[in-house]
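This report refers to the structure that appears directly beneath it.
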Amino acid sequence: MARVFNFSAGPAVLPEVVLKQAALEMSEYQDYGMSVMEMSHRSRAYMDIHAEASSLLRKLMNIPDDYAVLFLQGGASLQFSMVPMNIMTSNKKFDIINTGVWTQKAIVEGRKLGQVNVVASSQEEGFSFIPDVDNISFSHDADYVHICYNNTIYGTKYIKIPDTGNLPLVCDMSSCILSEPYDVSKYGIIFAGAQKNIGPAGVTIVIIKKDLLSRSSDDLATMLNYKVHAESDSLYNTPPTYAIYISMLVFRWLDSLGGVEEIYKLNKEKASLLYDFIDNSSFFKGNVDKRYRSLMNVTFSTPSKDLDSLFVKEAEKHGLVNLAGHKSAGGLRASIYNAMPVEGVRALVDFMKDFELKYSK
Ligand SMILES: *Cc1c(COP(=O)(O)O)cnc(C)c1O
C-alpha cells in the first residue's frame, strides 16, 4: 500500500526521508554491526547520537547557554506533575490560563500539590479563543505561570505571550514546538511530548532555565527531579534511545531545510491554503476565533454531524486519514505538523472542494 496523508493529531506524520534512513540503518547502524536499539546508552555510538540531538535542538531553537535541554519519559502529561513538584516550592501556588483539556489536566495535577489559580479561561465559550493576555493580573506570590501555547484539540494558539514579570513562564509546546520561531529566553520552562512535531512517542523534551534547577528539592523522587536529569545530561538511567535517535534524524532534516524560519514559512503557507478555502466556503466553517487560529491543528466542520462522519469516511478512501475531530470537541480536524508536505494539504483542499460540490444543496 502507498503512504497516505496522515492528519493525525499525534502520534503523527514523520518525514518520509527520516523513516527511510531509519529503515536503512535498522539492523546495522553505521559500522557498529547492530541496531541503535541494541546499543548500550553508554556506548560511544549512542553518546554521539544523544549529543547531536541536543546540539541540533539548541541550534534550531536558538536555546541560550543558561538553559538545560532534557530528554525525559512519561509524556507531556508527567510534566503536569513534575513542573509543580520541582518549581512550585516557596509559595506552593501557581497561576494558569485555562485554554483547554491540556491545561485542565495541569490544573488537576497541580491541585494535588498546592494552590492553582486560574487567572483567565475560555472554557465558557468552548475554548474557541485565547484570553487577552494584556488584561490578566498575575498573583504576586505565584511560583510560576503555566500556559499551553497551541491547543491541539480546539485548534487555537497564542499570538502573543503574557508578560509575567518576574514569574517564570512555563509553556506546554507539545503540538507546536519547532513550528515557528520562539524566543526561548522569555520562558522558564518549555516542555513537549515528541510525538506531534518531533519524533516517535516515548521521549519528552524539557528546556529549562538553569537557575530554576535550584528549586528542585533533594527529597523528590530521583526520577522526578529535574536537577538530577540536568546534572547527568539525561543519562541518569537508560533514556528512550531509539526515540531520541529518530528525533535527532528529524532535527537534521529540519536543519537541512533551513531550520525553523523556513518551516514556519511552509507552515503558514499550508495553514493559509486550508483557512482561505474554509473562509471562502459556505459549506465548511472554521470552529474558532480567527485571531487565534492554530498553524498546526486546523479545526472545521460541515453543516451537520452526519456529513462530518461521511467526510471522514470518504476522505479515507482518498488516502486522507485521521480527519475526525477530538471526541471532546467534535467536528473535523486536520493536523498539519512540520512533516506534513504541502501536497498533502493541497490534496485535502481538492477533496474538500469536491465534497462541497457533491453535498451542498
Ligand atoms: C498531546 C498533548 C499532551 C499530552 O501528551 P502526552 O505525551 O500524551 O502525555 C499535552 N499537551 C498538549 C498540548 C498536547 O497536544
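The values are calculated or read from the model by the stated rules, or taken from the named source; none is laboratory data. The structure displayed is predicted, hence computed values, not measured ones. FYI the Cβ positions are ideal-geometry reconstructions off the backbone, even for glycines, and counts take in every protein chain you see. Each accessible area value is taken on the protein alone, full model and side chains, heavy atoms only, with ligands, DNA and RNA left out. Shrake-Rupley method; radii C 1.70, N 1.55, O 1.52, S 1.80 Å.
Annotation: peptides 196-204, 117-125, ranked by per-residue average of other Cβ atoms within 10 Å with the highest first, follow the order 196-204, 117-125. Name the shape class, rounded, prolate or oblate, that the alpha-carbon gyration tensor gives for the stretch 259-359, where a ≥ b ≥ c are the square roots of its eigenvalues, rounded holds for a/c under 1.5, and otherwise prolate holds if a/b is larger than b/c and oblate otherwise. Prolate shape, in that a/c is at least 1.5 and a/b is the bigger ratio. Pull out a ≥ b ≥ c, the square roots of the eigenvalues of the alpha-carbon gyration tensor of the chain, then state rounded if a/c is under 1.5, prolate if not and a/b is larger than b/c, and oblate in the remaining case. Cα axes put the chain in the oblate bin. Could you tally the net charge around MET296, taking each other residue with its Cβ under 14 Å from the Cβ of MET296, Lys/Arg +1 and Asp/Glu -1? Neighbourhood net charge equals +3.
In this structure the amide hydrogen of HIS146, modeled in the peptide plane, comes within under 5 Å of the amide hydrogens of ASP95, ILE96, ILE97, VAL170, none closer than 5 places in sequence on its chain. Rounded to the nearest 20 debye, the dipole size of the chain about its Cα centre is 700 debye, using +1 on the Cβ of Lys and Arg and -1 on the Cβ of Asp and Glu. Multiplying the residue separation of SER256 and ALA201 by 0.36 nm and subtracting their alpha-carbon distance yields 17.5 nm.
Which FRET efficiency, nearest 0.05, do LYS160 and LYS105 yield, Cβ-Cβ r, R0 30 Å? With R0 = 30 Å, the Cβ-Cβ based efficiency is 0.80. A straight line joining the Cα centroids of the stretch 138-157 and the stretch 85-136 runs 6 Å. Quick one: Cα centre-to-centre distance for the stretch 260-333 and the stretch 15-71, in angstrom? With the stretch 260-333 and the stretch 15-71 each reduced to a Cα centre, they are spaced 33 Å. According to the square roots a ≥ b ≥ c of the eigenvalues of the Cα gyration tensor, what is the shape class of the stretch 55-139, taking rounded for a/c under 1.5, prolate for a/b larger than b/c otherwise, and oblate for the remainder? Judged from the Cα gyration tensor, the stretch 55-139 comes out prolate (a/c at least 1.5, a/b above b/c).
In a fully extended conformation the segment linking LEU224 and LYS92 would gain 45.8 nm over its present Cα-Cα distance, using 0.36 nm per residue. The listed peptides 41-50, 167-176, ordered by packing as a protection proxy, come out as 167-176, 41-50 (highest mean of other Cβ atoms within 10 Å first). A DSSP coil position with no more than 15 other Cβ atoms inside 10 Å describes the following GluC sites (Glu not before Pro) in the stretch 1-102: GLU25, GLU28. Between the beta carbons of ALA23 and VAL349, assuming R0 = 51 Å, the FRET efficiency works out to 0.95 to the nearest 0.05.
For the chain, the solvent-accessible area of protein heavy atoms averages 44 Å² per residue (probe radius 1.4 Å; ligands and nucleic acids excluded). Counted over the chain, the DSSP beta bridges are approximately 55% antiparallel. Local charge for ASP255 was computed over the other residues whose Cβ lies under 13 Å away, with Lys and Arg +1 and Asp and Glu -1, and equals 0.
The share of accessible area on the chain that comes from carbon and sulfur is 50 percent, using a 1.4 angstrom probe. A 1.4 Å probe over all protein chains sorts HIS326, HIS318, HIS140, HIS229 by accessible area into HIS140, HIS318, HIS326, HIS229, starting with the largest. Of the peptides 264-277, 211-224, the order by per-residue mean of other Cβ atoms within 10 Å, starting with the highest, comes out as 264-277, 211-224.
Here the gap between LEU357 and SER139, fully extended at 0.36 nm per residue and compared with their Cα-Cα distance, gives a gain of 73.2 nm.
Put a dot 7 Å past the Cα of SER232, heading toward its Cβ, do the same for SER40, and the two dots end up 1.6 nm apart.
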